[in-house]
């Protein structure tokens with residue numbers, strides 16, 4: 001499989017943190033883990049809103065929404081992404 005492009009919005013605690021898009025072709029190995037390099041534009045106001053809860057080690061809800069385009073043998077299809085997880089960030 002190959003990942004052709006992504007178009008994702010990134011939310012923390014329901015606030016839009018930024019937008020990520022990529023058009024690099026990434027090989028997805030069979031039955032293995034893989035990394036996707038993510039570069040995104042950040043809304044600085046949202047970043048400061050979420051900074052305190054993140055730095056104090058509280059649990060935050062991270063949500064990704066958008067679409068990805070994957071395929072094989074030059075046949076690609078778009079799939080919706082709606083992923084949500086709870087993460088705890090801590091500096092210490």
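The values are calculated or read from the model by the stated rules, or taken from the named source; none is laboratory data. This is a predicted model, so every value here is computed, not measured. For neighbour counting, all protein chains shown are included, and Cβ atoms are generated from backbone atoms with ideal geometry for every residue, glycine included.
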Next item on the list: Within the range 37-75, track down each residue that is at pLDDT 75 or above, surrounded by fewer than 14 Cβ atoms within 10 Å (Cβ to Cβ) and in contact with a helix residue (DSSP H, G or I) (Cβ under 9 Å, 6 or more places away or on another chain).
Entry: 59
Checklist line | Scope the range 14-36; condition assigned to a strand (DSSP E or B), touching a strand residue (DSSP E or B) at 6+ places or on another chain (Cβ under 8 Å) and either at positive phi or surrounded by 12 or more Cβ atoms within 10 Å (Cβ to Cβ) (or both); matching residues | finding: 16, 17, 18, 19, 20, 21, 22, 26
Next item on the list: Only residues that are on the phi > 0 side of the Ramachandran plot and under 10 Å from the mean Cα position of the chain (by Cα): list them for the range 59-86, please.
Entry: 66
